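Readers should treat all values here as calculations from the given coordinates under stated rules, not as data from a laboratory. Bear in mind that the values here come from a model prediction, so they are computed numbers and not experimental data. Virtual Cβ from ideal backbone geometry, glycine too; neighbours counted across all protein chains shown.
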Amino acid sequence: MDSGRHKARRSLHGIMKAIVTREETVDVGEAIRMKRAVRKFSPRKLQEEVVQHILEAGRRAQSSKNTQPWHFLAIQDPEILGSLSELGSYAGHLSGAALGVAILTPDPAQRWSIMFDAGQAAAYMQLAAWERGVASCLATIYEVEAARELLGYPPELHLHAAISFGYPAEPSALTARPKAGGRRSIAEIVSYERWG
Ligand SMILES: Cc1cc2nc3c(=O)[nH]c(=O)nc-3n(C[C@H](O)[C@H](O)[C@H](O)COP(=O)(O)O)c2cc1C
């Protein structure tokens, strides 16, 4: 084979490998390091493909005994988001989000793993969103009966956490260096082999 054709085949091979391994896309460690809670969003809507990318990440999350104890209620109606934003003391950021995902679960009093699992689905969705330049923030819902009335879910499901998603009002939020002291140090939070 002449060297031009050989080179072309090699670069095609490189592209195929990149597609198969997705090596050109996300660096999970970097996404974890950079992701911040963002509470102010631009009015830009999310494309349906991005919404599905986020929900798919929640669907794929691990859970205790693979029970998948969740139902994700995806809300894009600004009026419903506005009403939901009033049902938690610090849930105001849901108003103005392009998408809110209410994480419905069985009663968390049934077993400790329910909210653990919900938390993992939340984190997966938030990281998948960040990968697409979409920021997010958790919101604790305190007025749970008002939330049930607003959203109409059945008695066996409960709502304690929702997530707002949207493109950040300040795009620099996506690239800002993590603040010094923003997280406790490894020395403070990790022991090796035995306590202390
Ligand atoms: C379980 C849980 C509940 C939270 N509830 C709220 C909330 O009600 N309102 C809010 O604005 N942020 C809420 N947050 C977001 C945290 O305040 C945020 O993740 C934390 O301060 C770290 O922010 P940073 O990643 O920007 O440093 C919640 C986070 C978690 C994990």
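Suppose we keep only residues that are within 15 Å of the ligand (Cβ to nearest atom), over 19 Å from the mean Cα position of the chain (by Cα) and of a type in the set (A, V, I, L, M) within region 135-163. Which one would you say is nearest to residue 42 (Cα to Cα)? Per the criteria, the residue is 147. Is one or more of the residues making up region 176-190 crowded, with 16+ Cβ neighbours inside 10 Å and not basic (Lys, Arg)? Within region 176-190, not a single residue is crowded, with 16+ Cβ neighbours inside 10 Å and not basic (Lys, Arg). Restricting attention to region 135-165, the residues that are surrounded by fewer than 22 Cβ atoms within 10 Å (Cβ to Cβ) and hydroxyl-bearing (Ser, Thr, Tyr) total 3.
For region 164-183, the set of residues classified as more than 9 Å from the ligand (Cβ to nearest atom), of a type in the set (Ser, Thr, Tyr) and under 23 Å from residue 55 (Cα atoms) consists of 167 only. Scanning region 47-97 for residues that are within 17 Å of the chain's Cα centre (by Cα), touching a residue at least 12 places away in the same chain (Cβ under 8 Å) and loosely packed, with under 13 Cβ neighbours inside 10 Å yields a count of 3. What single numbered condition from (1) surrounded by 18 or more Cβ atoms within 10 Å (Cβ to Cβ); (2) under 20 Å from residue 44 (Cβ atoms) fails to hold for residue 132? The failed condition is (1).
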